[in-house]
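Taking it in order: structure first as structure tokens, then the write-up.
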Amino acid sequence: TLPSDAPAATEPVEPDATTGIPPAVDDAPAVAEALSPFARPQDLDPAAESPGDDVVDPEELATVAEALDVPEAAEIQGDEAGDEVLADEDDSVSTLAQVADLISQEPRRTAPPAEAVLGSATPPIAPSSRRERGLDVLGTLGNTTDVAGRLAGLRKSYPELADDVVDFAMGDVWSGAALTRRERSLLVVAMLSAMGGRPGPLASHLNGALNHGATPDELVETLRMVAVYAGFPAALEAWKLMEATFANRGEFPSGREE
């Protein structure tokens, strides 16, 4: 039997079967000592006070200095003007003391918030800026500043589709930075011409291409490509609309008489 003044035996602490984490321990100093020779009770309990925080253990500093490959103070000699000669520990600043000062000043690092780590490759677009970009494209296509009137016309003709045209087609796709509006207009002219049977949209985008800076020569070459890859009937049908657009605007390909 144990004497009456003997400390009571403690049962081993088993980790949780699911998480593998031991249950919480109230003895912060004991946990600190078990975790690391450099851990302090206040690391685990910010409210805890330790009167010896400013006292540096020489053995601890020696271990840190060895890990950082820091030479002893007496080994450091200045060889240039202005360097301090640390020849005597009694009248010089100890290298280990400098290490201790750096350790005490090092801020405790905390994990950044999840959103800062994950980030977002394509941040969501605010509805207002999306609408503004769409209206801007709508205005440049029609060469008008009356975008409110154009939007009202779309809503009258296509009530449930008008906002999708402005916000998605024009605000998202047309406003992308990879292609210019001129390039996108020429692509639309080519696709509408190749599809055939879309005289209204094609006439609108022939004008839109010229409004976006395309030249009559570029429209001619676009329809020549349509003839090669979509067939001459499709190109001939679109060609009539192109010629009418040139005549209405008074703009013609180079080398051609009006």
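The values are calculated or read from the model by the stated rules, or taken from the named source; none is laboratory data. Everything quoted here is computed from the prediction, not taken from an experiment. So basically every Cβ, Gly included, is an ideal-geometry build from the backbone, and we count neighbours across all protein chains shown.
Listed values, structure above:
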| quantity | calculated |
| --- | --- |
| Positions within region 197-254 being farther than 24 Å from residue 136 by Cβ, touching a residue at least 12 places away in the same chain (Cβ under 8 Å) and of a type in the set (A, V, I, L, M), in sequence order | 220, 223, 225, 226, 230, 234, 235, 238, 241, 242, 244 |
| Residue in region 143-179 that is modelled with the highest pLDDT, counting only those that are surrounded by 13 or more Cβ atoms within 10 Å (Cβ to Cβ) and part of a loop (DSSP other than H, G, I, E, B) | 179 |
| Those residues of region 163-203 which are among the polar types (S, T, N, Q) and either within 26 Å of the chain's Cα centre (by Cα) or more than 18 Å from residue 231 (Cα to Cα) (or both), in sequence order | 175, 180, 185 |
| Residue count for region 224-258, restricted to those that are in contact with a Phe, Trp or Tyr (Cβ under 7 Å, 6 or more places away or on another chain) and either among the basic types (Lys, Arg) or outside any helix (DSSP H, G or I) (or both) | 2 |
| Hits in region 229-251 - residues which are of a type outside the set (A, V, I, L, M) and within 46 Å of the chain's Cα centre (by Cα) | 229, 231, 239, 245, 246, 249, 251 |
| Residue 132 vs. criteria assigned to a helix (DSSP H, G or I), under 28 Å from residue 216 (Cβ atoms) and of a type in the set (D, E, K, R) | no |
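Yes or no, residue by residue, for (1) farther than 24 Å from residue 195 by Cα; (2) out of contact with any Leu (no Cβ under 7 Å at 6 or more places or on another chain); (3) of a type outside the set (Phe, Trp, Tyr):
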site	(1), (2), (3)
221	no, yes, yes
224	no, yes, yes
228	no, yes, yes
233	no, yes, yes
236	no, yes, yes
241	no, no, yes
246	no, yes, no
249	yes, no, yes
254	yes, yes, yes
